Amino acid sequence: LTGAGLTPLLAARARSQAAPAAPGTPEKFRRPMPLLPEKKPLARTGRSDLYVMTMQPARAELLPGIPSDVLTYDGHFPGPVIRARAHRPVVIRQRNRLTVPTTVHLHGAAVPPDSDGDPMDVIEPGTERTYHYPNRQPHAPLWFHDHTHHLEAENTYRGLSGSYLLTDPTEAALPLPKGRYEVVIALRDARFDEQGQLAYAMGDRARNTLLANGVPYPYFQVAARKYRLRLLNASNQRRFELRLADGGPLVQIGSDGGLLTAPHTTDRIALSAGERADVIVDFSRHPVGSSVVLTNTTGPGPAQDIGEVLRFDVVRTAHDPSRIPERLRTLPPLPRPDTQRTVVLRMDEGGEHPGAYIDEKAYDPQRVDAHIKFGASEIWTVTNANARAEHNFHLHLVQFRILERAGEPPQPAESGLKDTVFLAPGETVRLQALFNTYRGRYLYHCHMFEHGVRGMMATMQIR
Ligand code: C2O
Ligand code: CU
């Protein structure tokens, strides 16, 4: 065949075989979504599960055929899944074999301050440190990521994040999908440079490739039955608004802090950076041989590039003994608040190095911004003072309850325990938290990492 004899389509195919497609625009649904590896403990002692993890550079094939340099926990992009049980402590020895300092923060967990991964409490390259996670809290889909002062955005973006599923007897007793029918899906965005390498720039607005478990726009083969999807938004800044392309039902059963009190059927799951959703999808509505696509409708980037995230291909039937109970858990009534406080998030809009503030102050690790009495129940009124920019708000150490969003009671998706909450421009959220677990200094901040790097972080001290 010569070029002249080719139809335009065949010619295009021949070209695309000769040279890889332009980096950053991978073809959709060409590769399977990998399952995240489960990390096994090195030892289980009478008292705790001991893990050893190595932070190391690796090369991952993010775009087909192009190895990209990434930072990893144990060589995996994204990091592995740790499974923990309430009241069974986990001890993790973290070895830093990278060329940058790191810290490890277990997001959503109540841990002593010296195991919280404080930005200034770093693991220098070539050294290691041991984190203690008591797990004295109910089940929750936690995750861990880097939190090094000024480096957390880039370190996490380049791969330093992983999942930590904490379970308890309440959750384990429910007849929800288990085993291979419970799937962790870490979603994030990324930008690739001309060479197909993962490209990082502060506040980059061109991260318009979406990855599910480290692969851009994969497919995932499922059986025609119910699945429990443990969704994590591991993006630095992007908010997701996820739907099934056919408008089919998504049954949300949990959020950041574990199960909701009751399942909530919706057509849309919204996740700002750092948030999690626990969702049941019933693929038995689809005939074997058909597909349904998970879509997203948030920018940046042209909508057609980012609309489709992940395709579920229904490839077989399977027995399904799972059920979604009408009651999932009970939550304790909110105690009477002892204190009220306000928090204002604001960043400069425009300018080359816009500042970002909490209560008009940029983060200073030496300063304590909120003094909290041990045992206090507090109501925080948190406002996004920007007219255009989105923020969200994350408190370390506690799982809180949302009392109000924009003057209204929370929607079902936000009615459970939360550790991160979205704030649209101009919006105010009231939340209530109980500080009765550990004393010491902990962070609160916007979880859009680049806002945190620019200063939108503060310190609370509980004593
Ligand atoms: Cu997930 Cu202070 O962070
Ligand atoms: Cu922000």
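Just so you know, all these numbers are worked out from the coordinates, no wet-lab data involved. This is a predicted model, so every value here is computed, not measured. All Cβ positions, glycine included, derive from the backbone under ideal geometry; neighbour counts span all protein chains shown.
Placing unit charges on C-beta atoms (Lys and Arg positive, Asp and Glu negative, everything else neutral), compute the dipole magnitude of segment 179-317 about its Cα centre in debye, rounded to 20. The partial results should precede the final answer.
Numbers: 17 positive and 15 negative charges, 70 e Å.
I would put it at about 340 debye.
Hey, got the dipole for segment 339-462? About the Cα centre, +1 on K and R Cβ, -1 on D and E Cβ, debye to the nearest 20? Don't skip to the answer; put the middle values down first.
Details: 13 positive and 15 negative charges, 105 e Å.
For this selection, approximately 500 debye.
Which whole-number percentage describes the relative contact order of segment 322-366, with Cα contacts under 8 Å and a sequence gap of 6 or more?
Numbers: 25 pairs, mean separation 11.0, N = 45.
Computed value for segment 322-366: 24 percent relative contact order.
Quick one: putting +1 on the C-beta of Lys and Arg, -1 on the C-beta of Asp and Glu, what dipole do you get for the chain around its Cα centre, in Debye to the nearest 20?
Numbers: 55 positive and 50 negative charges, 297 e Å.
Value, rounded to 20: 1420 debye.
Which of P409, H394, L165 sits closest to the plus end of the dipole of the chain, meaning its Cα is farthest towards the positive end, when Lys and Arg get +1 and Asp and Glu get -1 on the C-beta?
Value computed over the given set: L165.
Find out how many positive minus negative residues lie around M347, taking Lys and Arg as positive, Asp and Glu as negative, among other residues whose Cβ is under 14 Å from that of M347. It would help to have the intermediate numbers written out before the result.
Values: positive: R346, K361, R388, R454; negative: D348, E349, E352, D359, E360, E390, E450.
Local net charge: -3.
Could you grab the Rg to Rh ratio for the chain? Cα atoms only, Kirkwood for Rh. Please report the intermediate quantities before stating the final value.
On the way: Rg = 22.1 Å, Rh = 22.9 Å.
Here the Rg-to-Rh quotient is 0.97.
Out of all DSSP beta bridges in the chain, what portion is antiparallel? Express it as a percent rounded to 5. It would help to have the intermediate numbers written out before the result.
On the way: 91 of 127 bridges.
For the chain, the DSSP antiparallel bridge percentage is about 70.
Where does each of D116, D267 land when they are ranked from fewest to most other beta-carbon atoms within 10 angstrom?
Numbers: D116 24, D267 12.
By the 10 Å Cβ count, ascending, the order reads D267, D116.
Let me check against my output: what whole-number percent is the relative contact order of segment 339-462, with C-alpha pairs under 8 Å and at least 6 apart? Working shown, then result.
Numbers: 300 pairs, mean separation 43.9, N = 124.
Reported as a whole number, the value is 35 percent.
Using the number of other C-beta atoms within 10 angstrom as an exposure proxy, rank T295, T265 with the fewest first.
Numbers: T295 18, T265 11.
Fewest-to-most Cβ neighbours within 10 Å comes out as T265, T295.
In whole angstrom, how long is each semi-axis of the equivalent ellipsoid of segment 339-462, when you take the square root of 5 times every eigenvalue of its Cα gyration tensor and sort them from largest down?
Numbers: eigenvalues 98, 72, 23 Å².
Each semi-axis is √(5λ); the values are 22, 19, 11 Å.
Given L174, W143, T420, which one lies farthest toward the positive end of the charge dipole of the chain, if we put +1 on the Cβ of every Lys and Arg and -1 on the Cβ of every Asp and Glu?
Going by the charge dipole, the pick is L174.
Neighbour counts of other C-beta atoms within 10 Å: give me M456, M120 arranged from fewest to most.
M120, M456
Summing +1 for each Lys or Arg and -1 for each Asp or Glu, what net charge is found among the other residues whose Cβ lies under 12 Å from the Cβ of V453?
-3
For the Cα atoms of the chain, what angle does the longest principal axis make with the long axis of helix 8-18, in degrees from 0 to 90, nearest 10?
60
Put one equal scatterer on each alpha carbon of segment 43-168, apply the Debye formula with no solvent term, and list log10 I(q)/I(0) at q = 0.10, 0.20 1/Å to two decimals.
The Debye formula, applied to the Cα set alone, gives -0.30, -1.11.
What does the charge add up to near P67, with Lys and Arg as +1, Asp and Glu as -1, over the other residues with Cβ less than 11 Å from its Cβ?
Working: positive: R59; negative: E61, D69.
Once positives and negatives cancel, what remains is -1.
Considering only DSSP beta bridges whose two residues both sit in segment 307-429, what percent are antiparallel, to the nearest 5?
On the way: 14 of 21 bridges.
Counting DSSP beta bridges with both partners in segment 307-429, the antiparallel share is about 65 percent.
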